[in-house]
Each structure stands twice: as structure tokens, then as C-alpha cells.
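Values in this text are rule-based calculations from the coordinates and carry no lab data. Bear in mind the structure is a predicted one, so any value in this text is a computation, not a measurement. Here the Cβ is made from the backbone with ideal geometry for all residues, glycine too, and neighbour counts use every protein chain on show.
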Amino acid sequence: MLGKNQNATGAEVMRILAIETSSRLGGVAVAEDRKLLDERVFRKGMVHGQSLLPTIEEMLQAAGWQIAEIDMVAVDEGPGSFTGLRIGVMAAKTICWVTGAKLIGVCSADALYMTAKEAGVPDPVGVVIDAYRGCVYAALFDNNEKLFLDMLQPNEAAKRMSKTATLVGDGALRWKKIFEEKHLTVEEKVVYAAPRWVALLGFEAAKSGQQHDPLTFVPRYLRPSEAEERRQIDASPDRLKEPN
């Protein structure tokens, strides 16, 4: 049994809370199995810490759910914003610790790909997420298959994309000139993953038996944070040598 709750007809359903905080605009969705009940996207960018928990509380009240009735929390695991991912993943883990709900991590590139497909973007689709510091998280999808996911410089990402790919994501917009110079199409209307696709992909993962341990689950960063990079530089042997 996937869920412990029943819908209005008495059928067993999985009550899903979905959290998307990997991008500049985050959001929350609630669903029963594949049926979306509500979805809210934060109105301002990078307000995840202020908006996430109040939004979850409001949406649970609107759905008539108690927090203990959540069967599964699906959270965008990244790659994406370091700060946003930490906020979303910690909230998801805490809810699962408290309620015993299943925890499912959903790749941000997968959620953005499905958002693009829903918007009518044809395959192949290149997902390009801004990684800042001159890099992007790039993935190529074709016919629901992820062909690669890597952190690259924009020029390298352009080289690895199919020549017929349509690119989506905030990284595609930021580095649009480079991609268009390589004769790649950038779809400007699909920028961020929709929270509903975190819910739907999480449900499919739960159906296949996937589940994460809240104690050990961590975001998928694909790169060390800026602070970690500085520590690595400071601890390098060359930095420890005595000056001549």
C-alpha cells in the first residue's frame, strides 16, 4: 500500500507534499497520487527561507490535511541553488522525521524537462540550469531518456547538446548568446521546474519502490560550495609552503 489515506470516494491514495527550492523561484504542490490539488509558486525570487514553511501550512489547511496525514514528501534534490536546496531538503527531512512519511528526491533537471514537455517543447530538450561562477548544470533528454547531466562551462555545454535540441532553463537564458551562436534554439518561456512535476515524478518513484533515508539524504550539488572551494585552496600544499 502506497498511502494510508482515502479520497472522497473511499479509494486509497497517497497524499504528497512536493517542495521545489532548487531555483530562484521556488514553490510547493500537494497532490493525491497523480491528481494535483494545489500548486503555489513564490512571487519573489530567493525567498525560500521566508516563504516555504508558511506556504506549506496554508496549503495543508486548504487541502484539509493534518501534517501527520502526509504519506510522502517529494523534494527537488538538485542540482541548483546551494541555499535553496539546503532549505528545501532540510524542511523535507524534518517533516519525514516527525511524521514517518516517505522521502523521495527528484532531480531538478528531470522536473524541468517534464515542465518543458508539458509546455509543448519538442524532443530533444537541453536543460540548462545556471550554476553561477561561469558554469551551468546541463542535461540532454530525448524521448524521456536522460543522456547526460554534468556541470560545464556554457561553451562546453553547447558542444555536447544535440544540434536539434531546444534549450530551457535560467542557464539557457543567461548564456543565450553563446548557445544561439552554436545555432541552438532557446525557449524563453520555460525557465524553472514546476513544483507539480516534483510531486508527479516523486509519486512514480515511490510506486517503483524508491525511498530515501531522512538521516542520510543530502542534496545533489555536483560541485563544492564556494566556502568549500576556499577551504580546499587554503589547505592545498602550495598554500602551506614557506615563501622564498
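Structural remarks
- Under a Gaussian network description of the chain, with springs only between Cα atoms under 10 Å, the residue in Asp76, Asp213, Asp33 that fluctuates furthest is Asp213.
- Burial ranking of peptide ranges 82-88, 17-23 (average Cβ count within 10 Å, highest at the top): 17-23, 82-88
- Matching label, Cα extents along the principal axes in Å computed from the structure shown, candidates (i) 66, 53, 27; (ii) 72, 49, 34; (iii) 54, 42, 31: (ii)
- Helices in the chain, meaning DSSP H runs of at least 4 residues, each add -39500 (n - 2.57). Divided by all residues, the mean residue ellipticity at 222 nm is -10500 deg cm²/dmol.
- Exposure proxy shown here: for Met161, Met59, Met114, the number of other Cβ atoms within 10 Å sets the order, fewest to most, as Met59, Met114, Met161.
- Protection proxy ranking, peptides 66-72, 199-205, average beta carbon neighbours within 10 Å, highest first: 199-205, 66-72
- In the chain, taking the dipole from charged Cβ atoms about the Cα centre, the farthest positive-side position among Pro124, Thr83, Ile178 is held by Ile178.
- Taking Cα centre as origin and charging only the Cβ of basic (Lys, Arg, +1) and acidic (Asp, Glu, -1) residues, the dipole magnitude of the chain rounds to 380 debye.
- Anchor Lys163: lysines whose Cα lies under 27 Å away (excluding residues fewer than 8 positions away in-chain): Lys117, Lys146, Lys176, Lys177, Lys182, Lys189
- Span-like helix ranges in the chain, DSSP H, alpha carbon extent 18 angstrom or more, Kyte mean at least -0.5: 48-63, 82-99, 195-207
- With a cut-off of 10 Å between beta carbons, the residues surrounding Ala193 carry a summed charge of -2, where Lys and Arg count +1 and Asp and Glu -1.
- Distant-in-sequence amide contacts of Val106, defined by a placed amide H-H separation under 5 Å and a gap of 5 or more residues or a different chain, comprise Val75, Asp76, Glu77.
- Charge dipole (the chain, unit charges on Cβ, about Cα centre) - positive-most of Leu201, Thr115, Pro154: Pro154
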